[in-house]
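The values are calculated or read from the model by the stated rules, or taken from the named source; none is laboratory data. All values derive from a computational prediction rather than experimental measurement. Here the Cβ is made from the backbone with ideal geometry for all residues, glycine too, and neighbour counts use every protein chain on show. Calculation scope for accessible area: heavy atoms of the full protein, side chains included, ligands and nucleic acids excluded. Shrake-Rupley method; radii C 1.70, N 1.55, O 1.52, S 1.80 Å.
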Amino acid sequence: MIARLFCYMTAMAMMMLALPARAEDGYDLWLRYAPADQARAADISAHARAIASRTNSPTLRAASQELQRAIMRMTGTAPALAETPTAGALWLATPDTAPALPVSLKALGTEGYAIRSIDQGGQPVTLIAANSDIGVLHGVFHWLRLAQTGAALDRLDIRSAPRIGLRLLNHWDNLNGTVERGYAGMSIWDWWRLPDYKGPRYTDYARANASIGINGTVLNNVNAKADSLTAPYIAKAAALADIFRPYGIRVYLSVKWTAPMELDGLETADPLDPQVAAWWKAKADDIYRAIPDFGGFLVKANSEGQPGPQDYDRTHADGANMLAAAVKPHGGIVMWRAFVYAHDNPDDRAKQAFADFKPLDGQFADNVLVQVKNGAIDFQPREPFHPLFGAMPKTPLMMEFQITKEYLGQSTHLTYLGPLFEETLDADTYAKGKGSTVAKVVDGSLDGHRLTGIAGVANIGVDRDWSGSIFNQADWYAFGRLAWDPDLTAESIAREWAAMTFSPDPRLVQPVVVMMMGSREAAVDYMTPLGLAHVMGTGHHYGPAPWVSDLARPEWNPVYYHKADARGIGFDRTRSGSNAIAQYAPALARRLADPATTPESELLWFHHLPWDYRLKSGETLWNGLVHRYDRGVAYVADMQRTWNSLRPLVDPERFAQTQAFLAIQHREAQWWRDASIAYFQSINHLPLPAGAAPPAHDLDWYKAQSFPYAPGHN
Ligand code: BDP
């Protein structure tokens, strides 16, 4: 009887293991730990019979729990817990817990780790060692990546340390729960019910970020409200900081320049006014009392209507240094954004940040970073790298990427951003000769900076799948991986991500990676080919609107960017135009001066060219544009075919979401193509190249489309 009951219980337990713990709705991200096949499960078990760890710090407890959960899910067997390493154990160790480690921890810093297969008194053991508990946690996630992607688990000898110090998410989340440029539902910060209610999502957020090495998060929108600096909101931020701390993630806040006036009635926000400086110092002291490891401030000042030091005839450096002095005694930093352009400045918008910031090089305090967007306009599908990279050697420049896809299809288009990030990081600034890549500026190696950083505008919300779509998760993932190591390739990252997110089966990984790798170029093709930019709909930036010309500020209008007329198209940024190219190093500027030596992918960014200009292919510029629009649409149709062929290998829920979203993308790619062609044809009156289909509707139809409720637009 007892034996029968036991058999029944075992059978029940086996059945429960075979079923997924919960629906595959994307909540688990790349930390799914799906059951492995028998052989692989045995292999994982053999290398994870036990977890050996001597301390019980919150961080090591989190590491151990992650391993237990993962190994149980992947193999069906729980690892034993031990203090000392036994045969087949994963041994988590720091010099504090194990003084004579058989591996050097030099050059691994406080966050890096070593993973090594060792022989411990005749027993095989996998050592995961680091100088700190956080390093061990990162090492654990690395080992779990190996386990999930089908990699070998024996003879390991891995050393890894982050190349960039501050690896941050920037949440553009508002205190009312909306998210600027958010396409994944409301903010994950439940400001209203914090600090009393702290849902489990915050811990899962921290796990996901720690698993890719992110070590900081700016909680609120750069278009900040002063209220986030009031005592109740500091307490709310402190509650989040407490949850994130064991995962090595610090909290930062965006601040509004006029907070001293708004909150405490000061008469000025002049950075050189002693009362203003004293206010910020006292505010910083308050924050650090609640959050002892608070990271610091992010500031958007004198940009798009935000107040700033220039309102008092002071410079960005005056403003940044005043705030920097307030956080300095606590070890905090200031990230001062270079995203500035002024309504009363008639110069090319692409030149304005450089003009403001370059002269300030050398004037910033040593705990200030200037945060620069990847390109000089605004997160376009493709932009040349921002000319400030390489131009401010005395200032640590922090990269700002946008993970949320404001301009790349928002929540539904499959446009993997890995190649965009990689392209920017690999771009050569020529600041100190060939090989002076943007990555070397950002990681500090080019100019010898120790303070280094990279930020990604988060794509996270309360949607079950976090990011608005399964494939958008890959952008979050890729950002973290590249922030840790900018030399990784977008393709290798896509491979890891696909294996963990879906399955390590090469029949799935191979085609999914191919889809992903061409997807961003496809979006460039159907939205902004050949270096076009900012031709999106007004405000919401959803869909095409290259015809818009009636907005108050010239640089808000798409016509400002493409400058199409009867003779040609493109923005002349050479000497005959705005001469923006002169902001690049001479070796690069020389090449950009001539359309023949400008990369075709950036042609119309730098040059205004006649419609019959000959492209490298021999076709005219106009025909080449049309072909690219068509190529982009065709790529999406290809992705649909590929995805449909993968149905047997993907769970129904995630299969259906991606299938539906690809259908939306195809329809919208066609819309982009047709609307763009209809508009440009109304200007150049040229026939379409042979074989190209006419737009489905006339131009007025496209112009009449209106989207007052498109998401993400405040
Ligand atoms: C643009 C967004 C706007 C942001 C701004 C910024 O359209 O919503 O506030 O950048 O970065 O991309 O400050």
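For the chain, find the longest principal axis of its Cα atoms and tell me its angle to the long axis of helix 473-484, 0 to 90°, nearest 10.
80
Add +1 for every Lys or Arg and -1 for every Asp or Glu among the other residues with Cβ under 12 Å from the Cβ of residue 538, and state the total. Before the final figure, lay out the partial values.
Numbers: positive: 553, 703; negative: 550.
Spelling it out: positives minus negatives among the neighbours equals +1.
Roll a 1.4 Å probe over the protein heavy atoms and report the accessible area of residue 685 in Å², nearest 10.
140
Quick check on the chain: helices-only [θ] at 222 nm, where DSSP H runs of length 4 and up contribute -39,500 (n - 2.57) each and the sum goes over total residues. Nearest 500, please. Provide the component values of the computation, followed by the final result.
Numbers: 21 runs with 271 residues, N = 714.
Computed mean residue ellipticity for the chain: -12000 deg cm²/dmol.
Heavy atoms only, probe 1.4 angstrom, no DNA, RNA or ligands counted: give me 198, 106 ranked by accessible area, highest first. Don't jump to the answer; show the numbers that get you there.
Numbers: 198 105, 106 160 Å².
In descending accessible area the options line up as 106, 198.
Can you classify segment 573-612 as rounded, prolate or oblate using the Cα gyration tensor, where a ≥ b ≥ c are the square roots of its eigenvalues, rounded means a/c under 1.5, and otherwise it's prolate if a/b beats b/c and oblate if not?
On the way: a/c = 2.23, a/b = 1.44, b/c = 1.54.
Cα axes put segment 573-612 in the oblate bin.
What ranking of 616, 300, 434, 328 comes out by heavy-atom accessible area, probe 1.4 Å, highest first?
Values: 616 145, 300 10, 434 170, 328 100 Å².
Sorted by accessible area, descending: 434, 616, 328, 300.
Which pairs break 25 Å Cα to Cα here: 281/405; 405/703; 225/394; 373/394; 225/281?
Working: 281/405 36 Å; 405/703 23 Å; 225/394 31 Å; 373/394 18 Å; 225/281 19 Å.
Pairs exceeding 25 Å: 281/405; 225/394.
Answer rounded, prolate or oblate for segment 321-368, using the Cα gyration tensor with square roots of eigenvalues a ≥ b ≥ c: rounded when a/c is under 1.5, else prolate when a/b is larger than b/c, else oblate. All intermediate terms of the calculation are to be shown ahead of the outcome.
Numbers: a/c = 3.70, a/b = 2.64, b/c = 1.40.
Prolate, since a/c reaches 1.5 and a/b exceeds b/c.
For residue 351, go through the aspartates and glutamates and keep the ones whose alpha-carbon is under 18 Å away, minus same-chain ones fewer than eight residues off.
Cross-link targets: 304, 361, 378, 383, 400, 555, 572, 602.
In the full protein assembly as shown, how much of residue 672 is accessible to a 1.4 Å probe, in Å² to the nearest 10?
10
Which sequence of 157, 630 reflects their accessible areas, 1.4 Å probe, from the largest down? List each step's numbers first, then the result.
On the way: 157 100, 630 50 Å².
So, going from the largest accessible area down, we get 157, 630.
Using 0.36 nm times the number of residues separating residue 54 and residue 68, minus their current alpha carbon distance, what extension gain do you get?
Taking 0.36 nm per residue and subtracting the Cα distance, the gain is 3.5 nm.
Can you work out ³J(HN,Hα) from phi for every residue in segment 696-704, in order, using Karplus 6.51 cos²θ - 1.76 cosθ + 1.60 and θ = phi - 60°, giving whole Hz and x for Gly and Pro?
Going residue by residue, I get 5, 10, 7, 4, 4, 4, 5, 5, 7 Hz, with x marking Gly and Pro.
Please list, in chain and number order, the residues 5+ apart from residue 50 or on another chain whose amide H is under 5 Å from its amide H, with Hs placed from the backbone.
The answer is 80, 89, 90.
Could you tell me what % of all Cα pairs in segment 27-160 have separations over 23 Å?
Details: 2161 of 8911 pairs.
Of all Cα-Cα distances in segment 27-160, 24 percent exceed 23 Å.
Calculate the dipole size of the chain relative to its Cα centre from +1 charges on Lys and Arg beta carbons and -1 charges on Asp and Glu beta carbons; express the result in debye to the nearest 20. Don't skip to the end; give the middle numbers.
Working: 66 positive and 75 negative charges, 294 e Å.
Its charge dipole is roughly 1420 debye.
Determine the relative contact order of segment 386-449: mean sequence separation of Cα pairs under 8 Å and six or more apart, normalised by residue count, in whole percent.
This gives 37 percent for segment 386-449.
Using a 1.4 angstrom probe, figure out how much accessible area segment 27-160 has per residue, in square angstrom, rounded to the nearest whole. Intermediate values should be presented prior to the final figure.
Values: 5490 Å² over 134 residues.
Result: 41 Å² per residue.
Of the trypsin sites (Lys or Arg not before Pro) in segment 220-283, which ones lie in a loop per DSSP and count no more than 15 other C-beta atoms within 10 Å? Don't skip to the answer; put the middle values down first.
On the way: sites: 225, 236, 250, 256, 281, 283; in loops: 225, 256.
Filter output for segment 220-283: empty list.
Counting only Cα, what are the radius of gyration and maximum Cα-Cα distance Dmax of the chain, in Å?
Taking only Cα atoms of the chain, I get Rg and Dmax of 26.5, 93 Å.
5 Å is the cut-off here: which amide hydrogens, built 1.01 Å from N in the peptide plane, fall below it relative to residue 156, excluding neighbours closer than 5 in sequence?
Close amide H contacts, sequence-distant or interchain: 117.
Restricting to Cα pairs below 8 Å that are 6+ residues apart, what does the relative contact order work out to for the chain? Please round to a whole percent.
On the way: 1401 pairs, mean separation 80.2, N = 714.
That works out to 11 percent.
Can you tell me the relative contact order of segment 599-714? Whole percent, Cα pairs under 8 Å, sequence separation 6 or more. Let's see the in-between values first.
Details: 58 pairs, mean separation 26.7, N = 116.
For segment 599-714, the relative contact order is 23 percent.
Based on the alpha-carbon gyration tensor of segment 271-380 and its eigenvalue square roots a ≥ b ≥ c, which shape applies: rounded if a/c is under 1.5, prolate if not and a/b is larger than b/c, or oblate? Please report the intermediate quantities before stating the final value.
Details: a/c = 2.23, a/b = 1.76, b/c = 1.27.
Because a/c hits 1.5 or more and a/b exceeds b/c, segment 271-380 counts as prolate.
Check which residues have an amide H placed less than 5 Å from residue 452's amide H, if you skip close sequence neighbours.
165, 166
In segment 107-161, what trypsin sites (Lys or Arg not before Pro) fall in a loop by DSSP, with at most 10 other Cβ atoms inside 10 Å? Working shown, then result.
Numbers: sites: 116, 145, 155, 159; in loops: 155.
Counting only loop positions with at most 10 other Cβ atoms within 10 Å, the trypsin sites (Lys or Arg not before Pro) in segment 107-161 are 155.
At 1.4 Å probe size, what's the solvent-accessible area of residue 707? Round to the nearest 10 Å².
Near enough 60 Å² of accessible area.
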